[in-house]
Structures are given as structure tokens and as C-alpha cells.
Amino acid sequence: MELTRRNAMAMGAGALLIAGLPVRLSAAGEDAIAAFTGGAEVGTGDVRLIAPEIAENGNTVPIEVGSDTASEILVLAMGNPTPGVATFKFGPLSGSRTASARIRLAGTQDVVAIAKLQDGTFVQASSTIKVTIGGCGG
Amino acid sequence: MADDVKPRVKVPKSAAVGEKIVVKTLISHKMESGQRKDADGNVIARSIINRFTCDFNGENVVDVKMEAAISTNPYFEFEAMVPEAGEFKFTWYDDDGSVYEDTKTIAIA
């Protein structure tokens, strides 16, 4: 292929498209956060996210979320095709506001836990998990 | 789908009044995410369990909204407060409308 002006433009557009992709994916995550918090500010504080640093198999990654005063905890995988993972609502008989589950991750990415505390404020914790084999089945 | 789904729940047989016990639940389900494609390149439709709840004597312990990123054979572990002897009721809601249930009784030691 000759390097003409037209080809150079096409390549530039392609590169932009690829670079733009992760931005679009995390935008879906931002939307999910906004839907959960109603646009309120998200601080840091009473929320824990326990996750492995490296997950060999993205199909089943054990995570644990917890908080002392949360009424709800939202878990998001920011790099998945659909960022939503789960929303835990703790009822009056929950012994402690912790729960563990196994989740799927498409690749190395940030997992975010956002807790709605009893006083109505939101706090978040995040953790980067390295995934050796992604869990979306190609 | 509804035939090979089997819930398994682990709850202690007895507890002291007000004790916090650990509950472990697992249900066999393929949790098809809606992202995979078959050999012909067609997307396999999403088929997951989208909600799990645990109640004790009618009062809620935990209510989990599940999405496609929950692994095959969804596993949850959480703590529950036991104020009296009674029955835990576990309910899973499938995308196809099926509801799977399991119950466990607990005595006061």
C-alpha cells in the first residue's frame, strides 16, 4: 500500500477508533455509577473490596465486599462489555454487611465497589485485577 | 433449563440467640452471559439468574441483584443474624421466569 495522503488519513481514523474504545466502555460504567448514586458525590471511606491481584481464570474470580454501615453495595467491572456485576441489599437480619461472590472478568481491569451508607452518602473502593484468561468466551 | 438447576445451601443446624452465622449458597446454573457466540457466529441469548434473596422467618437478610458478570454456578456467602429458631428461605429468580427455592431450619442451642 502506497503511503498517500488518503491512506494516512484512513490509518489515523482507525487509530482514533481503537483509542476511543476503552473510553466508551468505561463511560457505560460511569453511567451505571450515576444511576446508582443519582449524581451524588462519591467519596472514600467505609467500604472494603477484597479481590485477588492476579486472577488466572477470568471466568470465576472470587471477590468480597463489606462495610460497617452500608445499606447497599454496587459492584462494577469497569472493563467488561456490560459493567454491572451485582447489587447487594442488606436487610434487617443481615449479620454483617459483607458478602462474597464469584464474578466474570473480560480482562485486566478495575473492579469498583460503591456503597450507599445509612446516612445516604456514597463511598467507593476499587481494585485492579490482572486477568490471565478472559471470561467472555471470545 | 429448569431441570438441571440444583440449589445447595449450607447453614449451621443450631445457633445461640442473636448469633451471627455464616450462610453459603450455591446453585448450579450455566449463567449464559449473552456475550458468547456459537460455532456459526450467532450470539447465544442471555439466560441468567437475575436475583437472589434470603429471608429468615419472613424478614429479609440479603437481596442480590445479579447481572451477566456473575460466574457460572453462582456462589454467595454472607452472614445472618438469628434472633429465634426458624426457617431460612432462599429464592433464586431466573430470566426465563422460573423460581428456584430452598429452605433450611435452624434451632436454638
Problem set entry | strands (runs of 3 or more DSSP E) completely within the range A:84-126 that count 2 or more residues being closer than 14 Å to A:GLU64 by Cα and under 10 Å from the mean Cα position of the chain (by Cα) | A:109-117
Exercise. Restricting attention to the range B:74-100, and to residues there that are within 9 Å of the chain's Cα centre (by Cα) and within 14 Å of chain A (Cβ to nearest Cβ), which single residue is farthest from B:VAL11 (Cα to Cα)?
Worked result: B:TYR93
Seminar exercise, completed: If we ask which residues in the range B:35-49 are facing chain A (nearest Cβ under 10 Å) and in contact with a strand residue (DSSP E or B) (Cβ under 7 Å, 6 or more places away or on another chain), their number turns out to be 3
Exercise. Quick check: anything in the range B:56-71 more than 18 Å from A:GLY66 (Cα to Cα), among the aliphatic types (A, V, I, L, M) and facing chain A (nearest Cβ under 10 Å)?
Worked result: yes
Exercise. Across the range B:54-93, what is the total count of residues that are more than 20 Å from A:VAL75 (Cα to Cα) and assigned to a strand (DSSP E or B)?
Worked result: 13
For this session: Return a yes/no flag: does the range A:23-32 have any residue that is surrounded by fewer than 17 Cβ atoms within 10 Å (Cβ to Cβ), in contact (Cβ under 8 Å) with a residue 40 or more places away in the chain and within 11 Å of chain B (Cβ to nearest Cβ).
Result: no
Exercise. How many of the residues in the range A:75-131 are within 10 Å of chain B (Cβ to nearest Cβ) and touching a residue at least 24 places away in the same chain (Cβ under 8 Å)?
Worked result: 22
Exercise. Applying the selection to the range B:37-49, what residues are surrounded by fewer than 17 Cβ atoms within 10 Å (Cβ to Cβ) and either of a type in the set (D, E, K, R) or touching a Phe, Trp or Tyr at 6+ places or on another chain (Cβ under 9 Å) (or both)?
Worked result: B:LYS37, B:ASP38, B:ASP40, B:ARG46
Exercise. Quick one: what pairs do we get from the range B:35-53, first residue part of a loop (DSSP other than H, G, I, E, B), second loosely packed, with under 12 Cβ neighbours inside 10 Å and basic (Lys, Arg), C-beta under 8 Å, 6+ apart or different chains?
Worked result: B:ILE44/B:LYS37
Seminar exercise, completed: Out of (1) crowded, with 16+ Cβ neighbours inside 10 Å; (2) more than 10 Å from chain A (Cβ to nearest Cβ), the one B:THR103 does not meet is (1)
Exercise. List, please: which pairs have Cβ atoms under 6 Å, are six or more places apart or on different chains, and start with a residue in the range A:51-71 that is in a strand (DSSP E or B) and end with one that is acidic (Asp, Glu)?
Worked result: A:SER67/A:ASP46
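Bear in mind these aren't lab numbers, they're just calculated from the coordinates by the rules spelled out. In this text the structure is predicted, and so the values were computed from the model without any measurement. Don't worry about glycine lacking a Cβ; one is built from the backbone with ideal geometry, like all the others, and counts go over all protein chains shown.
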